1. Would you be able to tell me the number of residues in segment B:49-86 that are in a strand (DSSP E or B) and more than 19 Å from B:Pro31 (Cα to Cα)?
2. In segment A:4-43, which residue that is facing chain B (nearest Cβ under 10 Å) and part of a loop (DSSP other than H, G, I, E, B) is surrounded by the fewest Cβ atoms within 10 Å (Cβ to Cβ)?
3. If we keep just the residues of segment A:87-96 that are in a helix (DSSP H, G or I) and closer than 16 Å to A:Ile21 by Cα, which is most open to solvent (accessible area, probe 1.4 Å)?
4. Does B:Gly73 fit the bill of being open to solvent by 40 Å² or more (accessible area, probe 1.4 Å) and small (Gly, Ala, Ser)?
5. Looking at (1) among the aromatic types (Phe, Trp, Tyr); (2) without any contact (Cβ under 8 Å) to a residue 60 or more places away in the chain; (3) within 14 Å of another protein chain (Cβ to nearest Cβ), can you tell me which one A:Trp46 breaks?
6. Report every pair of residues separated by at least 6 positions or lying on different chains whose Cβ atoms are under 9 Å apart, first residue within segment A:91-114 and within 23 Å of A:Ala44 (Cβ to Cβ) and facing chain B (nearest Cβ under 7 Å), second at pLDDT below 85 and assigned to a helix (DSSP H, G or I).
7. Would you mind telling me which numbered condition in (1) among the β-branched types (Val, Ile, Thr); (2) under 21 Å from A:Pro20 (Cα atoms); (3) within 14 Å of chain A (Cβ to nearest Cβ) B:Thr71 fails?
8. Would you mind telling me which numbered condition in (1) more than 20 Å from A:Thr26 (Cα to Cα); (2) touching a helix residue (DSSP H, G or I) at 6+ places or on another chain (Cβ under 9 Å) A:Arg90 fails?
There are 2 protein chains.
Amino acid sequence: MEQEPCHRAAPPHTHPRQVPIRTALTALADPVRLLIVRELAGSADWTRSCGSLRVPVGKAALSHHFSVLRTAGLVEQRDEGAKRLNRLRRAEFEERFPGLLDLVLRAEDDAGDG
Amino acid sequence: MEQEPCHRAAPPHTHPRQVPIRTALTALADPVRLLIVRELAGSADWTRSCGSLRVPVGKAALSHHFSVLRTAGLVEQRDEGAKRLNRLRRAEFEERFPGLLDLVLRAEDDAGDG
């Protein structure tokens, strides 16, 4: 089976409670990462592999974006066989930054976005 | 009287209701702009000139940061004599992005920030 695009060594994670607000804002201020967050928000935990996400970037870029999302406490990843599965850390992130994720997810169709 | 560091032609403004979430997040994800926003949040409207802000950047950089803040619907400016005075658009921004500004202002002393 082909290796998944974000599959490398076991990835380091940062818990949202250790994330500075600036890191969280920067992570969410990118169109590709917003796409990833929104796709994960619309899927059950651990059901989406990195390769299943519809994002218009190559493997190296995708790997970078997932690294940023893990560092911002937004995404948790675990390997299952050849796949790297994902979970949006919705509850923990909400506890750390109340309302921020909802704001971002709600804003999909807002004025001038895109 | 010496010209204020952010004083040029009458500045263009963007109302928060026309601001995409990504623009708002990017504007707030910068340490210097966070300093400006926090200083303005702690001052009455129209009492702070650009030159009165304690930010560790030169005139050109400060002018750029104020441009970003106006475009994100965060700051309103008007000229009074030789001074350019500022106001944080707290109510309008809050209406557009509920909770976001409070989150940022509250996070001043948070884990690992800086």
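1. 9
2. If we take residues in segment A:4-43 being facing chain B (nearest Cβ under 10 Å) and part of a loop (DSSP other than H, G, I, E, B), then A:His15 is surrounded by the fewest Cβ atoms within 10 Å (Cβ to Cβ).
3. That would be A:Glu95.
4. No.
5. A:Trp46 satisfies every listed condition except (3).
6. Close Cβ pairs satisfying both conditions: A:Phe97/B:Ala107.
7. Evaluating B:Thr71 over (1) among the β-branched types (Val, Ile, Thr); (2) under 21 Å from A:Pro20 (Cα atoms); (3) within 14 Å of chain A (Cβ to nearest Cβ) leaves (2) as the failure.
8. Result: A:Arg90 passes all but (1).
The values are calculated or read from the model by the stated rules, or taken from the named source; none is laboratory data. Given the structure is predicted, the values throughout are model-derived calculations rather than measurements. Don't worry about glycine lacking a Cβ; one is built from the backbone with ideal geometry, like all the others, and counts go over all protein chains shown. The protein model used for the area step is the full one, side chains on, heavy atoms only, and it has no ligands, DNA or RNA in it. Shrake-Rupley method; radii C 1.70, N 1.55, O 1.52, S 1.80 Å.
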